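Each remark here refers to the structure printed beneath this line.
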Amino acid sequence: MMFSTEKTITNTQFLQETLAGLNAEPKRMYSKYFYDETGDLIFQQIMNMDEYYLTDAEMEIMKYQASAIADTISGEGGAFDLIELGAGDATKSIHLLKKFIDKNLDFKYFPIDISAHVIADLELNLPLKLPALNFQGLNGDYFEMLKRATEISERKKVVLFMGANIGNMNVSEAQEFCVNLRQILAPDDILIIGFDLKKNPQQILAAYNDKAGITRSFNLNLLNRINRELDGNFDLNAFEHYANYDPETGACKSYLISLKNQTVNIGGSEIHFSKDEYICMEISQKYAQPEIEALARVSGFKVTRYFSDQQKYFVDAVWKV
Ligand code: AVJ
């Protein structure tokens, strides 16, 4: 075999989920597959767009309220493990890490990411940026790696799940996720979780329908990835990006619309698209404050505090088991 076992398993799952999603009614894809190397780069561009207010809003929270967040956590006393789900390049959490170090908190940082090169980059860069940081990168699935972290040490856990990544789940998936997360954690463990708040619908839609077409290329890149890694033959010119925000449900959704009747071949399987048929590409769920509280309640967490930016675009909630 030319492939390592790991790569074969990953590609098999990628192929299976892609085919299952495209054979479903309506057709869908899994947004976790957006993030290949090109997808990571396009997502960086998204975070730098004027329209994408989320990053600045959460950055503001981390920059100006890191001290208050640190106090909320250290008020509990004792050493802890700080586990970040989907750490990325840690540009936001680094403010928190810095503050924790400045305040002499006794902690070890465990960044978890599904992308191996993200973890490799962190291992290279974190020691340069924060020489005093005690950390261990974990490459893999959130829950598997979280379990691994609980095996490594029995210390109190503080889990970071920022960036509104919870938004990529619909409300019932988010509930299930929070229930599962709470089950892995122990009494008095803490979850810091970021939500994008409901706000002017135009503003939300603009963030997912930017003028320069960066979000469009983010979506189309997944077709490209399928072509490359799963031996597909998507014609990227035959699909159009469509984004939609429903202020009632808070669901912001991205679609690719087939511009014609067409048959696409993926790794030997044929998928038929009718003209105007859509593929659900991604959900970015928005929340109102009472909905966040309801989510905490149904999953058994106690709400400790909320940290918001000045404009109330975004909230990082602190929940306790
Ligand atoms: C990384 C899931 C928070 O939903 O806002 C940005 C991904 N997709 N633009 C989001 C995304 C299109 C992003 N999250």
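No value in this document is a laboratory result; all are computed from the given coordinates. Keep in mind the model is a prediction, meaning the values are calculated, not measured. In this analysis, Cβ positions are derived from the backbone assuming ideal geometry, glycine residues included, and neighbour counts consider all displayed protein chains.
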Take GLY194 and tell me if it is under 25 Å from THR55 (Cα atoms) and either free of Cβ contacts under 8 Å to residues at least 40 places away in the same chain or touching a His at 6+ places or on another chain (Cβ under 6 Å) (or both). no
What are the residue pairs meeting all of these: first residue in the stretch 26-53, first residue without any contact (Cβ under 8 Å) to a residue 60 or more places away in the chain, second residue part of a strand (DSSP E or B), Cβ atoms under 6 Å, and 6 or more apart or on different chains? none
Could you list all residues from the stretch 53-80 that are within 22 Å of GLU154 (Cα to Cα), of a type outside the set (Val, Ile, Thr) and buried (at least 21 other Cβ atoms within 10 Å of the Cβ)? PHE80
Across the stretch 190-214, what is the total count of residues that are of a type outside the set (Phe, Trp, Tyr) and not in a helix (DSSP H, G or I)? 15
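Yes or no, residue by residue, for (1) over 24 Å from ILE94 (Cβ atoms); (2) within 16 Å of the ligand (Cβ to nearest atom):
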site	(1), (2)
ALA149	no, no
VAL159	no, no
GLY167	no, yes
ALA174	yes, yes
GLN183	yes, no
LEU191	no, no
LEU205	yes, yes
ALA212	yes, yes
ASN219	yes, yes
Inspect the stretch 37-44 for any residue being within 30 Å of ASP189 (Cβ to Cβ), out of contact with any strand residue (DSSP E or B) (no Cβ under 9 Å at 6 or more places or on another chain) and away from the ligand (no atom under 16 Å from the Cβ) and give the result as yes or no. no
Given the conditions (1) crowded, with 16+ Cβ neighbours inside 10 Å; (2) part of a loop (DSSP other than H, G, I, E, B), every one holds for PRO187 apart from (1)
Residues satisfying the stated conditions in the stretch 54-83, i.e. out of contact with any Leu (no Cβ under 6 Å at 6 or more places or on another chain), free of Cβ contacts under 8 Å to residues at least 40 places away in the same chain, part of a helix (DSSP H, G or I) and more than 16 Å from the ligand (Cβ to nearest atom): LYS63, TYR64, SER67, ALA70, ASP71
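Which of the residues that make up the stretch 221-238 are aliphatic (A, V, I, L, M) and either within 16 Å of the ligand (Cβ to nearest atom) or over 21 Å from the mean Cα position of the chain (by Cα) (or both)? Explain how you work it out, then say what you get.
Step one: of the stretch 221-238, the residues aliphatic (A, V, I, L, M) are 222-223, 226, 230, 236, 238.
The answer is LEU222, LEU223, LEU230, LEU236, ALA238.
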State which residue is nearest to ILE119 (Cα to Cα) when the search covers only the stretch 20-68 and only residues that are under 14 Å from the mean Cα position of the chain (by Cα) and among the polar types (S, T, N, Q). GLN44
Name the residue that is nearest to the ligand (Cβ to nearest atom), counting only residues in the stretch 20-32 that are part of a helix (DSSP H, G or I) and closer than 24 Å to SER274 by Cα. SER31
